[in-house]
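Shown next, in structure tokens, is the structure this report addresses.
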Amino acid sequence: SAVLEMKGLSKVFETDELQTYALRSIELKVYSGEYLSISGPSGCGKSTLLSILGLLDMPTSGEYFIDGVNVSKLTLNQAAEIRNAKIGFIFQSFNLIDELSVFDNVALPLRYHHSKPSKHEIAEKVKACLEKVGLGHRMSHKPSQLSGGQQQRVAIARALVAEPTILLVDEPTGNLDSKSGDQVMQILTDLNNGGTTICMVTHDPRYADMASRQLKLLDGELLGEIAVKEPLNA
Ligand code: ADP
Ligand code: ADP
């Protein structure tokens, strides 16, 4: 069954007398093991869609299910709890905390996790995730002591550490040179091959091509599925 599902979901922003339909009647199912890309011109609703997928914002109408649970009408506290348990975010701007070491940045989602892992479990999981992104030797560094590509790889480790249902990824290479960008994209591909479900916003057609399913947004409408490839492990 679908890990994420949107049914007739719309988002309207009201400013003064203006109504902006940021998303119109979205129908979307994401299955375990898929790698989706979402692209489209500026203002088409990509950020709004990712925010609602990640429970950072709520729809105006329609329904949204995560792992079969209707999450369309949650309070902010309930949304935060499900977000921590189920969603991993990767942003264009890394969003690491500069006062904390790489280790402590990656450990953060576990320190507030409902499973209350022990210190030892936290250390093991943080190490394993940093090794997965090739940064096992940088645990005591501060983010500012790393290159941009390394910082994004730390952000990937942080997004993975609580074993989320899905990784939501927003223009992951936007602040990187092309070599580091390609490295980050390779890591996402490797993670997907290992079973991680990914939903990525990108405007780069080369990167959109790496997904198993490409979606296009135009003026708030989802334009179907270009270049459907079989998910590797569905
Ligand atoms: P994209 O990420 O594709 O550039 P967005 O999701 O940011 O698009 O925006 C979609 C539409 O919703 C745009 O017309 C934008 O102006 C509008 N919009 C987004 N956020 C707000 C907001 N907080 N208030 C009013 N309008 C908004
Ligand atoms: P990679 O190819 O692994 O992304 P780089 O070639 O960018 O790494 O960087 C090589 C080393 O130089 C890194 O291990 C990192 O610790 C250090 N380094 C890179 N950029 C910076 C920076 N802006 N400030 C401090 N150290 C840096």
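Every number here is computed from the coordinates shown, using simple stated rules; none is lab data. The structure displayed is predicted, hence computed values, not measured ones. When we count neighbours, we look across all protein chains shown, and the Cβ atoms used for this are built from the backbone with ideal geometry, even at glycine.
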Next on the checklist: Classify region 97-145 from the C-alpha gyration tensor, please: rounded if a/c falls under 1.5, else prolate or oblate depending on whether a/b exceeds b/c.
Outcome noted: oblate
Item to check | ³J(HN,Hα), Karplus 6.51/-1.76/1.60, whole Hz, each residue of region 165-170, x for Gly, Pro | outcome: 5, 8, 9, 9, 10, 10
Item to check | Convex hull of region 21-158 built on C-alpha atoms - directionally averaged projected area, nm² | outcome: 9.9 nm²
Checklist outcome for this item: Two pseudo-spin positions, 7 Å from Cα along C-beta at Ser25 and at Glu221, lie apart in nanometres by 0.9 nm
Checklist entry - At a Förster distance of 45 Å, what's the computed FRET efficiency of Leu76 paired with Ala123, Cβ-Cβ distance as r, to 0.05? => result 0.90
Item to check | Added length on full extension, which subtracts the Cα-Cα distance from 0.36 nm per residue, Glu99 to Ser178 | outcome: 25.7 nm
Item to check | Stretch in the chain that is longest and holds no trypsin sites (Lys or Arg not before Pro) that DSSP places in a loop and that have at most 16 other beta carbons within 10 Å | outcome: 74-228
Item to check | Rounded Å value of the spacing that divides the Cα centres of region 73-101 and region 175-217 | outcome: 20 Å
Checklist outcome for this item: Quarter of the surface of the C-alpha convex hull for region 1-68, i.e. direction-averaged projected area in nm², equals 4.9 nm²
Checklist outcome for this item: Percent antiparallel among DSSP beta bridges confined to the chain, rounded to 5, stands at 55 percent
Checklist outcome for this item: Comparing Glu27, Glu163, Glu14 in a Gaussian network model of the chain (Cα, 10 Å), the one with the largest mean-square fluctuation is Glu14
Next on the checklist: With a cap of 10 neighbouring Cβ atoms within 10 Å, and only residues DSSP puts in a loop, list the GluC sites (Glu not before Pro) found in region 71-133.
Outcome noted: Glu99
Next on the checklist: On a straight-distance basis, which lysines could pair with Lys29 in a cross-link, Cα separation under 24 angstrom, same-chain partners fewer than 8 positions away excluded?
Outcome noted: Lys7, Lys11, Lys46, Lys73, Lys86, Lys216, Lys229
Checklist entry - Expressed as an acute angle from 0 to 90° and rounded to the nearest 10, what is the orientation of the C-alpha long axis of helix 76-86 relative to the principal long axis of the chain? => result 60 degrees
Item to check | Added length on full extension, which subtracts the Cα-Cα distance from 0.36 nm per residue, Asp204 to Gln186 | outcome: 5.0 nm
Item to check | Fraction in percent of alpha-carbon pairs per bin - 10 Å, the chain | outcome: 8, 32, 36, 20, 4, 0
